[in-house]
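Working notes for the structure below.
Where a number appears in this text, it was derived from the coordinates with a stated rule and is not lab data. Just so it is clear, the model here is predicted, and its values are computed rather than measured. Ideal geometry is used to build each Cβ from the backbone, glycine not excepted, and the neighbour counts take in all protein chains shown.
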Amino acid sequence: MGELEIRVIPKASKNRVKIENGVVKVYINASPEKGKANKSLIKFFRKIVGERVEVVSGEKGRKKRIRFSITKEEFLERIKNAE
């Protein structure tokens, strides 16, 4: 099981993920109101990584820690393939 710190940018023009200077940035088109961005984030990762993702900290902020069932290295590799 792995964990990763990410930065979420809500209200983006489209859902996408980028790794910039070692920071995983996730652009989500949902607004941050009433947990919509978090729900969209979880669905987006499920689609591109094929794994269930859980937000373990930072639910109300842009800086979040997520948990998943594969290794951090495998998770990052799948993100890179989706870019």
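Worth a mention:
- Filter result for Arg46 (loosely packed, with under 14 Cβ neighbours inside 10 Å, assigned to a helix (DSSP H, G or I) and not polar (S, T, N, Q)): yes
- Test: residue in region 52-66 that is in contact (Cβ under 8 Å) with a residue 60 or more places away in the chain and surrounded by 15 or more Cβ atoms within 10 Å (Cβ to Cβ): yes
- Taken as a whole, the structure leaves Lys25 outside the set of residues that are of a type outside the set (Gly, Ala, Ser), in a loop (DSSP other than H, G, I, E, B) and in contact (Cβ under 8 Å) with a residue 12 or more places away in the chain.
- Flag if Glu73 is closer than 14 Å to Leu4 by Cα and in a loop (DSSP other than H, G, I, E, B): no
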